[in-house]
Each structure stands twice: as C-alpha cells, then as structure tokens.
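Right, one structure below, let's go through it.
The values are calculated or read from the model by the stated rules, or taken from the named source; none is laboratory data. Predicted model only: the values in this text are computed from it and were never measured. Each accessible area value is taken on the protein alone, full model and side chains, heavy atoms only, with ligands, DNA and RNA left out. Shrake-Rupley method; radii C 1.70, N 1.55, O 1.52, S 1.80 Å.
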Amino acid sequence: MTSPLRNRDFRYLWLALSSSLLAAGVWVIALPLFTLHLGYGPATVGIVVGCGLIGTLASLLFGGALLDRHPKRTILAWSAFIPGTVLLAICLWAEAATIPWYALAATAAIVGACDGVYGPANESLLPEIVEKEHLHVGNSLQALVESLLLKAFGPAIGGATIALAGPAPALAVVGVLFLVTAAFSRQIVPAYEPPAPDRSAGWASVFQDIGDGFRYVAQTKWI
C-alpha cells in the first residue's frame, strides 16, 4: 500500500492534495458562517455559496483546455496560490472595513473556479509520476485522504477554529492551507512531460476546445 510513497514526486503530490482537501473541508464550514458573521442573512449565504458552485462548474472545461497547454505542476500551484492569497486578503479586509456581499460572492467564485481546475490537474498528473503497476495504490491513497480530510477532519477543524477564534481565523486557515498546497505542488518534477501542443492559434484554440467539450456533453446520452 505504501509503494508510491517511495516516489518523491508522489509524496509531494499527495501532500499537496492532502492540504488542499483539508482546506476544502474547512472552507465549507467557514464560508457560510463568515458570511453570517458579517451580518448577512440566509439568502445572501445561499447566493455566496451558489457562486462558488457556479465557479467550479464554469471552470472545468477551461481547466481541461489549460491542462493541454501548460505544465500540470504549474497549474496545480497557481490554482492553489490564487485562492490562498485572495482569502488572506479578504481576512485583512474584514479587519479594516465591512465587506460587501458581492465581494464575498466573487471570492467564492474564484475559490470554486480554482477548485474546478485543481481537481482535473491532480488526476491527470498522477499517471505521469506513478508507475503503472502502482497506480491503483496511488489512487487508493488519494481516495483515503479525501474521505478523511475533506469529509471528517476538515469540517471538524473548521468548526473547532470557529468556536475558539471565530469565522475570520477559520478563513485564514483555509488561505494558509492553500498556500501550503501551492508550495508542495512546486516541488513536483514529473519525469515525463507530454510535448506542448502548437499554440500558434492562441486563445481561439482554447475556446474551440471548450466548445468541443460542450458539444460532447450535449451529444452524449448519459442515461
């Protein structure tokens, strides 16, 4: 079960995923309570949380297009660094002034969008750094931390932090964990990098790939 852990790059990928999942587990508790703490009502909480979900859904195809054009390690690092810095900035803002609801909604959308990019990048990088015969073990180790950190320890840590220090420190914990994720991601050096595609078409090819993705989803019979 521990064979992939002998692989340096998998250890960093696993640590990055672990800190990312822990951050996500704290986030689902901290975001709505932080919104309520600022004086907003349940309707605003619903809007803010909904913007996070919309951000995730909207970024999935765009993230796939990015993965075809840029190193996955770089995408992993940036998709953790961006929400980390945004959340720490929000915490500092909350100390100085009242945060408008639309700023919270935009923050949730940014975090959600980066999450929509991080997940596919992590999944596609795993086969590039783990030997084929150990791939099932690597997947199992990642599923293990997902169950423990995202669904159990993350929410528990979030609730404990809020009870002891308040929602803003819990949000700061999320930001710090995302920055730790970015730091671990930068340490990954895959032995194999797929050749970069022709980028001469620029953004036009990105939007073409996204359109192909929408058409595939629309034309596929799922049931």
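The 1.4 Å probe gives accessible areas that order Leu36, Leu149, largest first, as Leu36, Leu149.
Per residue, the accessible area of region 1-154 comes to 47 Å² when a 1.4 Å probe rolls over the protein heavy atoms. Just so you know, the Rg over Rh for region 24-136 is 1.07, from Cα atoms, with Rh as the Kirkwood radius.
Separation of region 139-169 from region 63-103 is 19 Å, based on Cα centroids. Averaging over all projection directions, the Cα-based convex hull of region 37-77 occupies 3.9 nm² in the image plane. Normalised by 2.2 N^0.38 Å, where N is the number of residues, the alpha-carbon radius of gyration of region 1-46 equals 1.83.
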